[in-house]
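J.: For reference, the structure I am asking about is given below.
Values in this text are rule-based calculations from the coordinates and carry no lab data. All values reported here derive from a predicted model rather than from experimental measurement. So basically every Cβ, Gly included, is an ideal-geometry build from the backbone, and we count neighbours across all protein chains shown.
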């Protein structure tokens, strides 16, 4: 008896272990690296750069430089999770610019390039949709010592809150206000980049965003006070430079991202004398030769062609020519009609029309009777879709699993890292 109970317990334990193993069999496939030159990987990498630029709200847009490493976490019916290690470069387009990152110019090394790396996680579903699950980007500018060795006269980066950067932004924005009607009420919102050089001429370079200032601007060029009714969104992006100290030479270029509150679209109203509404056509009285008010006859000009008199109308009625009507109705079937667009002989036209297909009707021509239309209560009967909806409702849902730590390590494939799209120092 004890032996049978022990055997039963052993069978139950084996059954439970088998059930647990079946549960683990449904777990995702183990993480594996894949080549960096795979077509699907290249497409997802470009899509990831687009998603990252759309999600960010500060700084400059990133351009994809190369694919450093890729890991695939296949999860069966839940789809595939891609872990993309991407190298990016900073462009000259602000993040609020509507231009796509593929059309933005990468900042050259003379202006201190900023390169970085983005760890991106993307889910690709079996239906063909891709979703950005997470990303983390780290950017590092080129060291100034390295830039000085390559280009000794190139400008070096400055802190964006330095006095030199603030003065350069104020001078360039004031110059833009004098040149353009759109910058009358603008103020500096945020300085995004600043640089300076000492040789051959002392110069400052600054880039900043602008916004509308309904309450005026301060001495630094920023808004005096922002109210709830005022527009606090970014109105544009400006880049300028100041060369010299005594009589500085200022250059500035701004890209307006929205229409300002400037009255430039109102049509110009006419000024001065009131113009008549309807034009007056001058008339001249006829020439009178005698007191009887008889008009002078028009002299005959032999160069003009002779006037042709119309032919007299014959009082006898004429028989109308036989014609083929556009649409002929069939008395036996009031909804059927036949069209006479084909070129037939005169003898064939006089024959009575044959019964046509009820759906072959052409009653839009002029000159013939119009065929009867469907009744007003006619409604299109949609097919029953309950069966398809039931299948969609019964489809089980699968939730993907994302790793908490981004996978790292060298790739066994020779295609990783991929080739660089841009040249760096």
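J.: Can you tell me the relative contact order of the range 156-256? Whole percent, Cα pairs under 8 Å, sequence separation 6 or more.
T.: Once normalised by length, the contact order is 28 percent.
J.: Sorting 46, 107, 414 on the 10 Å Cβ count, fewest up front, what's the list?
T.: 414, 46, 107
J.: Let me ask something else. Normalising by the residue count of the range 32-146, find the relative contact order in percent from Cα pairs under 8 Å and 6+ residues apart.
T.: 23 percent.
J.: Right, another one. Separation between the residue 404 and residue 153 pseudo-spin-labels, each 7 Å from Cα along Cα→Cβ, expressed in nm?
T.: Going from the residue 404 label point to the residue 153 one covers 5.7 nm.
J.: Give me 175, 404, 45 sorted ascending by neighbouring Cβ count inside 10 Å, so fewest comes first.
T.: With the fewest neighbours first, 175, 404, 45 line up as 404, 175, 45.
J.: If you don't mind, another one. If I model a spin label at residue 30 and residue 110 as a point 7 Å from the Cα along the Cα→Cβ vector, what separation in nanometres do I get?
T.: 5.4
J.: Taking a point 7 angstrom from the Cα of residue 99 along the C-beta vector, which residues in the range 177-192 have backbone N less than 19 Å away?
T.: Flagged as within label range: 192.
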